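Trainee: Let me begin by handing over the structure; questions about it come next.
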Amino acid sequence: MRRHVAASKNKRAPKRARCCIFPGREKREPPRSLFHPLPSSTFTFNLFFSFFFSLFFLSSRAEIAAVYDTPLLDLAFAAARVHRAHHDPAMVQRCTLLSIKTGGCPEDCGYCSQSSHHKKVDLVAERLADLDSVYEAALRAKAAGSTRFCMGAAWRGPSQVGPRQWERVLEMVRRVRGLGMEVCTTLGMLTPAQAAQLREAGLTAYNHNVDTSPEFYAKVSSTRTYADRLATLAAVAGAGVSVCAGGIIGLGEGPADRVGLLHTLATLPAHPESVPINALVAVPGTPMEGNPPPSGLDIVRCVATARVVMPASVVRLSAGRKELSPGDQALAFLAGANSVFDGDKLLTTANADRDDDAALFGALGLKSRPAFLPYGAGSETSRAGAVEGGAGGAAGQRALA
């Protein structure tokens, strides 16, 4: 009996398993999801990260769908890890978007208030803006803290306008670049020659969204094809201009189409330098005026998936942000969003208030991304369009001389 008691005293209580991520906490069985596929006895942070890192080299639809379908908190956590490995998580670029030619577009995109096909929309078509008004708008944007100035024209493409209007747009690019700002345009479909002219004028980036999946695109527009979209992206990249390409959530698409959108972007010859994630702003009079808006968590899921499959791209939280709560936006920033549009108006729709943004940035400890930081994604030639010439660029300096 005495020997039995002594033996019992010498027995040590089994050690409680330690959590590999949060030291001091008891380790629990991890959830069986894409990012926690291993039993707890072998699950370590290094294995977690190694498995997760392998996703960067996977690009099939099934693989991207597996990321997209991961439970949201697991997905946001994993995306935040990737974000911190490739970006300063406190740095968010502030961009300003200006419509330089509003309305009268010959395309029939169902979401767009600027289409000439949608006669019930309360919008008056305008002529191309003059140089001075655009330059003054860029000055105000810079003074307010924006480092990228984006200009949009409701055109099928520059080929539909005469040489004098096209030259005016090129001069707009030169003048804004001369302010030391990054310059982006969205002007519809481009030829390689037009892309090269924009590059020579000092353009930093060209936005041309693919909108949705190839399968769903026919329900969005009938006046151009998905191949047209991809041809413009190829022309932009070939000219050495930074590629900005994303999509719109809320067009009536399903989860498979959102996966298809991200699959298209992730399997381009090079990941886009910028990936805008837009939420549909349903405008009265458009064919999609009755579409229910995507939830904030829908947007966060798309942002997080984009961050995982395109880890070095800038993920831009774009149209529709005004409808997101501060909590939704905070989760999106945590999951990898690192750019927003600044100012109270986008092309034709309202945007988040600048004072509200300043308060949110302060509460979250966010800071503005400076102009002309190198972009981590994309080919060498297209990245050169974002950084060559430093602050201002040679073309812009010539414009001010």
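The values are calculated or read from the model by the stated rules, or taken from the named source; none is laboratory data. Predicted model, so just to flag it, every value in this text is computed and none were measured. Using ideal geometry, Cβ is built from the backbone for each residue, glycine included, and neighbour counts are taken over all protein chains shown.
Trainee: Could you list, in sequence order, the residues of the range 273-285 that are buried (at least 23 other Cβ atoms within 10 Å of the Cβ) and either hydroxyl-bearing (Ser, Thr, Tyr) or out of contact with any Gly (no Cβ under 9 Å at 6 or more places or on another chain) (or both)?
Mentor: The one that is buried (at least 23 other Cβ atoms within 10 Å of the Cβ) and either hydroxyl-bearing (Ser, Thr, Tyr) or out of contact with any Gly (no Cβ under 9 Å at 6 or more places or on another chain) (or both): Ser274.
Trainee: Moving on to the next point. Which one is modelled with the highest pLDDT, of the residues in the range 344-382 that are assigned to a loop (DSSP other than H, G, I, E, B) and aliphatic (A, V, I, L, M)?
Mentor: Leu366
Trainee: For Leu233, all conditions in the list (1) assigned to a strand (DSSP E or B); (2) farther than 26 Å from Asp357 by Cβ; (3) not hydroxyl-bearing (Ser, Thr, Tyr) hold save one; what is the number of the exception?
Mentor: The one condition Leu233 does not meet is (1).
Trainee: Determine whether the range 322-339 contains at least one residue that is at positive phi and modelled with pLDDT of 95 or more. Walk me through it before giving the result.
Mentor: Looking only at the range 322-339, we keep the residues that are at positive phi, and these are 336.
With the extra rule that they be modelled with pLDDT of 95 or more, the set shrinks to 336.
Yes, there is a match, as at least one residue in the range 322-339 is at positive phi and modelled with pLDDT of 95 or more.
Trainee: Among the residues of the range 269-291, is any assigned to a helix (DSSP H, G or I) and not charged (D, E, K, R)? Break it down stepwise before answering.
Mentor: To start, the set of residues in the range 269-291 that are assigned to a helix (DSSP H, G or I) comprises none.
No, because not a single residue in the range 269-291 is assigned to a helix (DSSP H, G or I) and not charged (D, E, K, R).
Trainee: Do you know which of the residues in the range 148-181 that are in contact with a Cys (Cβ under 8 Å, 6 or more places away or on another chain) and not aliphatic (A, V, I, L, M) is nearest to Leu97 (Cα to Cα)?
Mentor: Cys150
Trainee: For the range 190-219, which residues satisfy the criterion of being free of Cβ contacts under 8 Å to residues at least 40 places away in the same chain and touching an Asp or Glu at 6+ places or on another chain (Cβ under 8 Å)? Spell out how you get there, then give the answer.
Mentor: Here is the first cut: in the range 190-219, the residues free of Cβ contacts under 8 Å to residues at least 40 places away in the same chain are 193, 197, 206, 208, 217-218.
If the condition is that a residue be free of Cβ contacts under 8 Å to residues at least 40 places away in the same chain and touching an Asp or Glu at 6+ places or on another chain (Cβ under 8 Å), then Tyr217 is the only one that fits.
Trainee: Moving on to the next point. Can you work out which of the residues in the range 228-266 that are among the polar types (S, T, N, Q) and at pLDDT 95 or above is nearest to the chain's Cα centre (by Cα)? Talk me through it step by step, then tell me what you get.
Mentor: Going through the range 228-266, the residues among the polar types (S, T, N, Q) turn out to be 232, 242, 264.
Imposing the further condition that a residue be at pLDDT 95 or above reduces the set to 232, 264.
Details: Thr232: 18, Thr264: 14 Å.
Step by step, filter the range 228-266, then rank; the result is Thr264.
Trainee: So how many residues does the range 226-248 have that are touching a Lys or Arg at 6+ places or on another chain (Cβ under 7 Å) and surrounded by fewer than 24 Cβ atoms within 10 Å (Cβ to Cβ)?
Mentor: Residues in the range 226-248 being touching a Lys or Arg at 6+ places or on another chain (Cβ under 7 Å) and surrounded by fewer than 24 Cβ atoms within 10 Å (Cβ to Cβ): 2 in total.
Trainee: Please indicate, with yes or no, whether at least one residue in the range 38-60 is modelled with pLDDT of 65 or more, among the β-branched types (Val, Ile, Thr) and either surrounded by fewer than 16 Cβ atoms within 10 Å (Cβ to Cβ) or assigned to a loop (DSSP other than H, G, I, E, B) (or both). It would help to see each step written out before you state the result.
Mentor: Taking the range 38-60 and keeping what is modelled with pLDDT of 65 or more, we get 59-60.
Imposing the further condition that a residue be among the β-branched types (Val, Ile, Thr) reduces the set to none.
No: the range 38-60 contains no residue that is modelled with pLDDT of 65 or more, among the β-branched types (Val, Ile, Thr) and either surrounded by fewer than 16 Cβ atoms within 10 Å (Cβ to Cβ) or assigned to a loop (DSSP other than H, G, I, E, B) (or both).
Trainee: Failed condition for Arg168, given (1) under 21 Å from Asp353 (Cβ atoms); (2) at pLDDT 95 or above; (3) among the basic types (Lys, Arg), with all others met?
Mentor: With respect to (1) under 21 Å from Asp353 (Cβ atoms); (2) at pLDDT 95 or above; (3) among the basic types (Lys, Arg), Arg168 is out only on (1).
Trainee: Further, regarding this structure: Can you give me the number of residues within the range 197-234 that are over 18 Å from Glu107 (Cβ atoms) and touching a Ser or Thr at 6+ places or on another chain (Cβ under 8 Å)?
Mentor: Applying the first criterion (over 18 Å from Glu107 (Cβ atoms)) to the range 197-234 yields 197-205, 213, 215, 234.
Filter once more, keeping what is touching a Ser or Thr at 6+ places or on another chain (Cβ under 8 Å): 198, 203-205, 213.
Qualifying residue count, the range 197-234: 5.
Trainee: Any chance the range 204-227 includes a residue that's modelled with pLDDT of 95 or more, farther than 23 Å from Ala154 by Cβ and touching a Phe, Trp or Tyr at 6+ places or on another chain (Cβ under 6 Å)?
Mentor: There is at least one residue in the range 204-227 that is modelled with pLDDT of 95 or more, farther than 23 Å from Ala154 by Cβ and touching a Phe, Trp or Tyr at 6+ places or on another chain (Cβ under 6 Å).
Trainee: Are there any pairs, at least 6 apart or on different chains, whose C-beta atoms fall under 9 Å, with the first in the range 63-77 and farther than 14 Å from Arg258 by Cα and in contact (Cβ under 8 Å) with a residue 40 or more places away in the chain and the second assigned to a loop (DSSP other than H, G, I, E, B) and charged (D, E, K, R), and if so, which?
Mentor: Leu75/Asp69
Trainee: Given Arg164, Arg175, Arg148, which one is touching a strand residue (DSSP E or B) at 6+ places or on another chain (Cβ under 8 Å) and either in the same structural domain as Gly103 (by TED's automatic domain parsing) or among the charged types (D, E, K, R) (or both)?
Mentor: Working: Arg164 fails: touching a strand residue (DSSP E or B) at 6+ places or on another chain (Cβ under 8 Å); Arg175 fails: touching a strand residue (DSSP E or B) at 6+ places or on another chain (Cβ under 8 Å).
Selected residue: Arg148, the only one of Arg164, Arg175, Arg148 that is touching a strand residue (DSSP E or B) at 6+ places or on another chain (Cβ under 8 Å) and either in the same structural domain as Gly103 (by TED's automatic domain parsing) or among the charged types (D, E, K, R) (or both).
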